[in-house]
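The structure under discussion appears below in the form of C-alpha cells.
The values are calculated or read from the model by the stated rules, or taken from the named source; none is laboratory data. Because the structure is a prediction, the values reported are computed rather than measured. Don't worry about glycine lacking a Cβ; one is built from the backbone with ideal geometry, like all the others, and counts go over all protein chains shown.
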Amino acid sequence: MRRAILFLGGVICGALVGAAAGVLLAPQPGAETQEYLRKRLEEIKAEAMEAYEARRKELMEEFERAKKGIRPAAE
C-alpha cells in the first residue's frame, strides 16, 4: 500500500512539474495560455463528471441486484 501511495505522489508531482514547464515554455502569450488552460480544465471536469456518473450508475445497479440476491451474468 505504501508503494502505491508513493507512486501516486510521484505521478502527481510529475504532472505538476510538467504542467509548470508547459506553461513557462508555451509559445503563445500568457492570456491565450490561460484561456486554453481554462477551457481544457472545463473539458477535463466534464469528462470526469461523465465518467463518475456512468460508474455511479453501474455501481448503484449492481448494489440493487446484490440487495435482491441477483448475481450479474458472467462476461
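A few comments on the model shown:
- Taking first residues from the stretch 1-30 that are under 18 Å from Leu41 (Cα atoms) and partners that are modelled with pLDDT under 80 and of a type in the set (Gly, Ala, Ser), the Cβ contacts under 9 Å between residues at least 6 apart in sequence or on separate chains come to Val23/Gly30.
- Test: Arg55 is assigned to a helix (DSSP H, G or I), surrounded by 10 or more Cβ atoms within 10 Å (Cβ to Cβ) and in contact with a Pro (Cβ under 9 Å, 6 or more places away or on another chain): no
- Of all residues in the stretch 23-37 being assigned to a loop (DSSP other than H, G, I, E, B) and in contact with a helix residue (DSSP H, G or I) (Cβ under 8 Å, 6 or more places away or on another chain), the one that is modelled with the highest pLDDT: Gln28
- Screening the candidates Ala26, Ala21, Ala31 for the property of being small (Gly, Ala, Ser), loosely packed, with under 10 Cβ neighbours inside 10 Å and over 20 Å from the mean Cα position of the chain (by Cα) yields one hit, Ala31.
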